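To start, the structure itself, in structure tokens.
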Amino acid sequence: MKKIFPIALISLLVAVAVFGAGCTSSTSGSTLQLAGSTSVQPDAQALAQAYMANNSGVTVNVAGGGTAAGITAVGTGTAQIGTASANLTASEMAQYPNLRPYPICVDGIAIIVNPQNTAVTNLTLTQVMNIYTGNITNWNQVGGSNVKINVVNREQGSGTRDGIQKIVLKGGNFSTGGITQSSTGAVKSYVAGDPNSIGYIATNALDTSVKAININNVAPTYANLADGTYVIERYLLYVTNGPPTGLAASFLNYTLSSAGQAILKAQGEVSLNDVPGYVPPTTTTTTTTATTTTTATTT
Amino acid sequence: MVVTFNRAVRTLRRSGTRDAGERFIQLILLVCAVSSIFAIFLIIVFVFSQGVPFLAEAGLGFLTTSVWLPADSFAAGTWGIFPIILGSLIVTLGAVAIGAPLGIACAVFLAEIAPPAVRRLLVPSVSALAGVPSVVYGFFALLVIVPWIRGQFGGFGTSILACWIILSVMILPTIISVSTDAVRAVPREYKEGSLAMGATRWQTIRSVLIPAASSGIMASVILGMGRAIGETMAVLLVAGNSVTIPGSIFAPVSTLTATIALEMGYATGAHQQALFAMGVVLFVFILILTGLANLASRRRVTF
Amino acid sequence: MSGEIEISVKNLNLWFGNFQALKNVNIDIPKNAVTALIGPSGCGKSTFIKTLDRMNDLVDNVKFTGEVIYKGRNILNSDTDVVALRKEIGMVFQKPNPFPKSIFDNVAYGPRVHGIRDKKALNEIVERSLKGAAIWDEVKDRLNESALRLSGGQQQRLCIARLLAVEPDVLLMDEPASALDPIATSKIEDLIYELKKEYTIIIVTHNMQQAARVSSHTAFFFLGELVEYASTIDLFERPREKKTEDYVTGKFG
Ligand SMILES: Nc1ncnc2c1ncn2[C@@H]1O[C@H](COP(=O)(O)OP(=O)(O)OP(=O)(O)O)[C@@H](O)[C@H]1O
Ligand SMILES: [Mg+2]
């Protein structure tokens with residue numbers, strides 16, 4: 001009892017401080033709030049930094065929280081731009097009918113295994129599906145040694161998990177036999193430590209601690225992602241509630257400009273300019289109407 | 001809490017003749033007390049208002065079925081948290097089963113056996129153990145214990161056993177410090193009486209000291225249990241978080257707290273309410289534990 | 001001094017850290033008799049009797065020299081089995097200290113820790129010990145009640161019963177009646193009178209009349225020294241030392 005009192009007091013003070021700070025910053029006109037996909041977060045942060053360097057007095061906050069949280073944030077007006085690594089769901093569209101998705105780049109998802117797993121270098125999309133639905137449980141079923149496959153998943157709601165479910169599982173259910181790791185980093189460090197494991201992470205998070213598997217004999221290289229021959233890929237999106245205006249429109253324009261796309265490329269994403277057939281939008285008007293046609297396909 | 005409040009009000013009324021400075025301080029204290037109660041009350045109301053309607057709608061199946069697909073974009077949400085409740089219970093009870101005997105043994109050692117020099121070294125170490133952030137424990141377990149389990153027993157390594165090991169260590173400081181106080185509070189005369197009859201030190205500890213300290217020790221165990229069931233970060237890292245009924249102690253599990261933490265960031269709509277409903281379930285668990293703790297510490301020292 | 005000697009103390013010195021609490025004490029304690037220890041507060045009476053069952057060992061920085069011969073052996077030797085020693089030389093404390101257990105369990109505690117498990121044997125021991133401590137009639141119908149509900153005098157007799165249950169040879173009593181009213185005190189004194197037939201008793205007391213009533217020998221301690229040791233009658237009526245006379249006549253202390 002005695003201890004609860006000061007703790008509660010402190011939390012109250014902290015809450016007041018945070019609320020106070022939140023109020024002042026959101027009423028200021030020169031602040032842009034982004035929230036959403038953790039896959040987009042590092043990209044958006046890099047863009048925000050460059051943007052703020054060019055536009056003094058402007059603050060761009062990039063929050064995470066996941067795709068769904070980003071959609072809610074933009075739908076309820078907490079954020080001006082929601083970031084998403086998955087297309088809007090029907091229920092999200094029903095809840096916030098004015099939401100508009102704008103693709104900003106192509107992001108691949110790499111299927112990764114431990115570097116010690118030298119026997120397996122390629123899997124077909126169907127094999128990956130069967131591993132994740134639980135129909136294949138032993139590495140020897142896909143050309144590896146006779147050990148159980150330790151399947152690593154992301155948590156429910158993760159955009160990366162959602163991407164795998166759409167592209168690889170074709171909407172099917174994940175087997176419940178695997179474990180769930182709470183972030184890209186956690187998946188990577190788990191797979192780096194377990195020779196029998198398989199996991200998935202965004203291609204831009206790849207490094208030598210894990211080994212990316214070829215899918216249908218195609219490696220997740222930049223060129224293969226750009227021309228779509230590596231099939232586990234999706235568009236990363238900005239989502240606005242109604243046509244973007246003011247700072248949001250300006251930031252979207254910047255993102256789609258060649259400077260913005262160069263930053264995304266440096267972040268390991270595939271620039272829209274390298275996607276065959278992509279037509280860059282005009283960047284002079286403030287109410288940008290990006291080519292929403294490019295969002296239609298994610299495979 | 002309520003008693004404190006009433007007392008504060010009464011003191012305020014009586015203090016008419018005291019000087020203004022003192023009254024002012026009392027007023028501040030009263031405001032603090034009221035606002036802290038209010039804050040706790042608000043949190044409880046909020047969690048229940050979010051969770052209870054969902055519980056009412058989802059019905060008993062929420063607690064008894066085993067398929068948990070709250071955020072599946074291809075299927076309507078499926079809500080069954082039985083494996084998660086089970087996971088929380090297994091993880092908590094196991095951690096206490098390991099941590100309590102260890103902690104009590106440590107407490108007896110510190111209170112009765114350790115030479116003063118050793119005690120001076122160990123007591124601050126135990127407090128330091130309590131101050132380590134849980135994410136550090138979790139990270140340590142992820143890097144050391146999980147690979148060890150994987151190497152020894154196969155499987156993922158992230159498992160019930162990993163949770164037990166790390167949680168039992170994490171609840172040690174609570175159990176040790178509260179139990180040590182309980183053992184030291186046993187009147188010296190009991191110990192002398194026993195020794196003077198030719199009982200050995202161990203017989204004295206087992207037959208007199210521990211029984212006489214049992215209510216305090218019990219309270220320490222239940223406090224430790226509360227810490228174990230509420231622990232989130234460390235468990236999140238080493239549990240594996242799969243929503244299935246675990247087949248062995250080497251299988252991954254998920255717990256109420258870890259699942260809430262894992263999914264809260266993404267959850268919207270019904271999913272979010274389902275997580276709050278899990279919060280309500282957790283709250284009820286903790287309420288039961290706190291009740292037990294109070295009972296245990298109030299129980300008269302007879303046996 | 002006639003009769004057998006139970007404990008023979010020779011050149012006993014004892015220090016708590018740098019403080020010398022006992023100074024070259026020499027005394028022979030007679031068997032099956034009551035020996036009283038008197039002296040002003042802080043003179044080392046408790047320290048002395050705690051030496052006899054090695055309870056001073058519980059103090060961190062205690063050290064001692066000299067000999068305490070009991071059953072032909074110097075119990076101050078470091079190889080003494082103090083657990084076995086304390087079974088033979090039991091102690092009753094100033095403040096009654098029954099365990100927070102039932103009356104029965106208090107008395108059965110000693111036999112149990114010494115390995116007696118048989119229920120019937122325990123029942124017999126408990127009854128015999130409670131009778132021996134003259135408390136059986138008062139508690140025989142409430143053996144399963146908590147010992148803490150007994151009155152102070154009853155508690156002290158229960159503690160004596162508890163001690164008798166381990167069948168010691170020597171009973172050390174450190175002001176056993178100082179926390180009790182006159183009626184309870186006289187019951188304890190009667191009990192001591194009975195017990196001396198079978199036990200060697202050493203009693204610390206501040207009450208001169210009590211020493212005179214219950215003991216056959218009395219030792220007067222002052223500032224850690226044994227000033228005078230004689231038969232109780234001699235010590236009270238014909239003290240050899242001036243200090244003893246001053247003390248027993250109430251001039252100080
Ligand atoms: N554990 C200890 N550490 C240090 N000094 C002690 C300790 N126990 C006793 N003493 C000291 O030894 C001396 C003798 O103490 P003791 O308790 O034997 O006196 P006493 O004759 O029993 O007195 P009283 O009649 O008040 O019980 C006192 O000066 C006391 O302060
Ligand atoms: Mg004394």
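The values are calculated or read from the model by the stated rules, or taken from the named source; none is laboratory data. The structure displayed is predicted, hence computed values, not measured ones. Glycine also receives a Cβ, built like all others from the backbone with ideal geometry; neighbour counts cover every protein chain displayed. Keep in mind that these areas ignore ligands, DNA and RNA; they rest on the heavy atoms of the full protein, side chains included. Shrake-Rupley method; radii C 1.70, N 1.55, O 1.52, S 1.80 Å.
Conditions (1) within 16 Å of ligand 1 (Cβ to nearest atom); (2) open to solvent by less than 10 Å² (accessible area, probe 1.4 Å); (3) within 14 Å of chain B (Cβ to nearest Cβ), marked per residue:
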| residue | (1), (2), (3) |
| --- | --- |
| C:Asp105 | no, no, yes |
| C:Arg117 | no, no, yes |
| C:Val139 | no, yes, no |
| C:Gln155 | no, no, yes |
| C:Ala161 | no, yes, yes |
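Between C:Glu124, C:Glu88, C:Glu67, the distinction of being out of contact with any strand residue (DSSP E or B) (no Cβ under 6 Å at 6 or more places or on another chain) and more than 14 Å from chain B (Cβ to nearest Cβ) belongs to C:Glu124 only. Where helices (runs of 4 or more DSSP H) sit wholly within the range C:80-195, those with at least 3 residues that are within 14 Å of the chain's Cα centre (by Cα) and away from ligand 2 (no atom under 16 Å from the Cβ) occupy C:82-88, C:152-164, C:182-195.
Sort out which residues of the range B:258-281 are over 30 Å from A:Ala94 (Cα atoms) and buried (at least 22 other Cβ atoms within 10 Å of the Cβ), and write them in order of number. Answer for the range B:258-281, where residues must be over 30 Å from A:Ala94 (Cα atoms) and buried (at least 22 other Cβ atoms within 10 Å of the Cβ): just B:Ala258.
With respect to A:Leu237, is the statement that it is open to solvent by less than 10 Å² (accessible area, probe 1.4 Å) and in contact (Cβ under 8 Å) with a residue 24 or more places away in the chain true? So A:Leu237 passes the test. Considering the range C:31-42, and only residues there that are more than 9 Å from ligand 2 (Cβ to nearest atom) and not in a strand (DSSP E or B), the residue that is farthest from the other protein chains (Cβ to nearest Cβ) turns out to be C:Pro40.
Scanning the range B:218-250 for residues that are more than 27 Å from B:Ala107 (Cβ to Cβ), open to solvent by 20 Å² or more (accessible area, probe 1.4 Å) and outside any helix (DSSP H, G or I) turns up B:Val243, B:Thr244, B:Ile245, B:Pro246, B:Gly247, B:Ser248, B:Phe250. Taking C:Asn61 as the residue in question, decide whether it is away from ligand 2 (no atom under 16 Å from the Cβ), touching a residue at least 40 places away in the same chain (Cβ under 8 Å) and surrounded by fewer than 16 Cβ atoms within 10 Å (Cβ to Cβ). When the stated conditions are applied, C:Asn61 passes them. The conditions of being of a type in the set (S, T, N, Q), open to solvent by less than 50 Å² (accessible area, probe 1.4 Å) and modelled with pLDDT under 90 are met by C:Thr185.
Screening B:Val108, B:Val118, B:Val91, B:Val144 for residues that are free of Cβ contacts under 8 Å to residues at least 12 places away in the same chain and either open to solvent by less than 60 Å² (accessible area, probe 1.4 Å) or of a type in the set (Ser, Thr, Tyr) (or both) leaves exactly one candidate, B:Val118.
With respect to B:Ser254, is the statement that it is away from chain C (no Cβ under 12 Å), polar (S, T, N, Q), touching a residue at least 12 places away in the same chain (Cβ under 8 Å) and open to solvent by less than 40 Å² (accessible area, probe 1.4 Å) true? Criteria met by B:Ser254. Condition test on A:Asn122, is it within 23 Å of A:Thr221 (Cβ to Cβ) and either surrounded by fewer than 19 Cβ atoms within 10 Å (Cβ to Cβ) or touching a residue at least 12 places away in the same chain (Cβ under 8 Å) (or both)? So A:Asn122 fits the description; yes. Looking across the range B:169-209, the residues that are open to solvent by less than 10 Å² (accessible area, probe 1.4 Å) and among the small types (Gly, Ala, Ser) come down to B:Ser179, B:Gly193, B:Ser194, B:Ala196, B:Gly198, B:Ala199. With respect to the conditions (1) within 16 Å of ligand 1 (Cβ to nearest atom); (2) more than 14 Å from chain B (Cβ to nearest Cβ); (3) within 26 Å of C:Lys10 (Cβ to Cβ), C:Ile202 falls short on a single one, namely (2).
Each row is one residue, and each column tells you yes or no for (1) more than 15 Å from the chain's Cα centre (by Cα); (2) open to solvent by 10 Å² or more (accessible area, probe 1.4 Å); (3) among the β-branched types (Val, Ile, Thr); (4) more than 11 Å from chain B (Cβ to nearest Cβ).
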position	(1), (2), (3), (4)
A:Gly143	yes, yes, no, yes
A:Val147	yes, yes, yes, no
A:Val151	yes, yes, yes, no
A:Leu169	yes, no, no, no
A:Asp194	yes, no, no, no
A:Gly199	yes, no, no, yes
A:Thr203	no, yes, yes, yes
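Of all residues in the range C:37-54, those that are more than 9 Å from ligand 1 (Cβ to nearest atom) and either of a type outside the set (A, V, I, L, M, F, W, C) or open to solvent by 10 Å² or more (accessible area, probe 1.4 Å) (or both) total 3.
A count restricted to the range A:172-190 and to residues that are more than 7 Å from every other protein chain (Cβ to nearest Cβ), more than 22 Å from A:Leu125 (Cα to Cα) and surrounded by fewer than 22 Cβ atoms within 10 Å (Cβ to Cβ) stands at 4. Regarding the range A:117-139, can at least one residue be identified that is touching a strand residue (DSSP E or B) at 6+ places or on another chain (Cβ under 9 Å), more than 14 Å from every other protein chain (Cβ to nearest Cβ) and among the small types (Gly, Ala, Ser)? Checked against the condition, which is being touching a strand residue (DSSP E or B) at 6+ places or on another chain (Cβ under 9 Å), more than 14 Å from every other protein chain (Cβ to nearest Cβ) and among the small types (Gly, Ala, Ser), the range A:117-139 yields no hits at all. Of the residues making up the range C:165-193, those that are more than 16 Å from ligand 1 (Cβ to nearest atom) and within 27 Å of C:Val113 (Cα to Cα) are C:Ala165, C:Val166, C:Glu167, C:Pro168, C:Asp169, C:Val170, C:Leu171, C:Ile188, C:Leu191, C:Ile192. Looking across the range C:190-249, just one residue is open to solvent by 60 Å² or more (accessible area, probe 1.4 Å) and touching a Phe, Trp or Tyr at 6+ places or on another chain (Cβ under 6 Å), and that is C:Lys243. The number of residues in the range C:1-30 that are assigned to a loop (DSSP other than H, G, I, E, B) and in contact with a Gly (Cβ under 6 Å, 6 or more places away or on another chain) comes to 0. Taking B:Val96 as the residue in question, decide whether it is out of contact with any strand residue (DSSP E or B) (no Cβ under 9 Å at 6 or more places or on another chain), more than 30 Å from A:Val168 (Cα to Cα) and surrounded by 15 or more Cβ atoms within 10 Å (Cβ to Cβ). When the stated conditions are applied, B:Val96 passes them.
Of the helices (runs of 4 or more DSSP H) lying entirely inside the range A:33-116, those containing at least 1 residues that are touching a residue at least 60 places away in the same chain (Cβ under 8 Å) and at negative phi are A:41-54, A:67-76. Here A:Val74 fulfils each of the conditions (1) open to solvent by 10 Å² or more (accessible area, probe 1.4 Å); (2) farther than 22 Å from A:Val168 by Cβ apart from (1).
Note on the range B:236-247: residues that are β-branched (Val, Ile, Thr), under 19 Å from B:Trp68 (Cα atoms) and more than 8 Å from chain A (Cβ to nearest Cβ) amount to 1.
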